[in-house]
Amino acid sequence: MATENKNLSVYDKSKIPNAKSLRFGIVVSEWNHNITEALYKGAEEALLDCGALQENIIRWDVPGSFELTFGCKKLLTTENVDAVIAIGSVIRGETSHFDFVCSATAEGIKDLNITYDTPVIFCVLTDNTLQQAQDRSGGKHGNKGTEAAIAAIQMAGLGNN
Ligand SMILES: Nc1c(NC[C@H](O)[C@H](O)[C@H](O)CO)[nH]c(=O)[nH]c1=O
Ligand SMILES: CC(=O)[C@@H](O)COP(=O)(O)O
């Protein structure tokens, strides 16, 4: 199933653990700023809606998606967080740069998940057009930031019950 057939903002709160005691890191890439801010807003709103406290949401900004791996690593090793959300938006340009940034970012975040005991959630849009990014950051397909926040809550508590 593709995002086309799913709304990224829809979740069943009765099935999500309460996030009141959890601490989250969110690392936000500045590239395609309007998109990543909308993703951040979606993530923050969902965390708060599920009981997280504002003071337990730590936000760091990095220049681009390529820098998300280092930003997340630094955050999870220096702040006492239960989960990290990596937020980025890569939009295809004229060259193969898109493929390098996307694969390095996905691999980097995957490596963090293998290396450390803190889950890092992949909230990086990899779109062919600006319209596709808008559709997934609060547009017709909902907000991937919301989906990432719910994943962060679920992964933070994994194996604790
Ligand atoms: N073109 C996009 C980038 N490019 C920048 C890189 O992520 C990186 O910041 C630079 O190469 C310095 O190391 N980043 C995005 O997040 N989105 C893009 O569309
Ligand atoms: C990630 C990209 O492909 C893009 O934003 C960079 O654009 P270009 O390939 O035109 O330099």
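Brief remarks on what is shown
- Yes/no for GLN54 being more than 16 Å from ligand 2 (Cβ to nearest atom), surrounded by fewer than 19 Cβ atoms within 10 Å (Cβ to Cβ) and at negative phi: yes
- Filter result for GLY138 (in contact with a helix residue (DSSP H, G or I) (Cβ under 7 Å, 6 or more places away or on another chain) and touching a residue at least 40 places away in the same chain (Cβ under 8 Å)): yes
- One residue from THR36, THR69 being polar (S, T, N, Q), farther than 15 Å from LYS144 by Cβ and crowded, with 22+ Cβ neighbours inside 10 Å: THR69
- Selection of first residues in the range 78-100 that are at pLDDT 95 or above and among the charged types (D, E, K, R) and of second residues that are more than 6 Å from ligand 2 (Cβ to nearest atom) and assigned to a loop (DSSP other than H, G, I, E, B), restricted to Cβ pairs under 6 Å at least 6 apart or on distinct chains, gives the following pairs, ordered by first then second residue: ASP82/LEU22; ASP82/ARG23; ARG92/ASN128.
- Checked against (1) in a helix (DSSP H, G or I); (2) away from ligand 2 (no atom under 16 Å from the Cβ), GLU107 passes all but condition (2).
- Restricting attention to the range 72-90, the residues being surrounded by fewer than 18 Cβ atoms within 10 Å (Cβ to Cβ) and farther than 22 Å from LYS20 by Cα number 1.
- Only one of the listed residues (THR105, THR146) is without any contact (Cβ under 8 Å) to a residue 60 or more places away in the chain, within 23 Å of ASN34 (Cβ to Cβ), of a type in the set (Ser, Thr, Tyr) and crowded, with 20+ Cβ neighbours inside 10 Å. That residue is THR105.
- Residues of the range 69-94 that turn out to be near ligand 1 (Cβ under 8 Å from one of its atoms) and under 13 Å from VAL120 (Cβ atoms), as a count: 1
- For the range 94-104, the tally of residues that are assigned to a helix (DSSP H, G or I) and not hydrophobic (A, V, I, L, M, F, W, C) stands at 3.
- Taking the listed residues ASP61, ASP12, the one that is loosely packed, with under 15 Cβ neighbours inside 10 Å and acidic (Asp, Glu) is ASP12, with no other qualifying.
- Qualifying residue in the range 47-61 (condition: touching a Gly at 6+ places or on another chain (Cβ under 8 Å) and not in a strand (DSSP E or B)): no
- Residue tally, condition at pLDDT 90 or above and either surrounded by 24 or more Cβ atoms within 10 Å (Cβ to Cβ) or in contact with a Leu (Cβ under 8 Å, 6 or more places away or on another chain) (or both), over the range 149-161: 5
- Total residues in the range 122-159, condition in a loop (DSSP other than H, G, I, E, B) and away from ligand 1 (no atom under 15 Å from the Cβ): 5
The values are calculated or read from the model by the stated rules, or taken from the named source; none is laboratory data. None of the values given here were measured: they were computed from a predicted structure. Cβ sites come from the backbone with ideal geometry, for glycine too, and all protein chains shown count toward neighbours.
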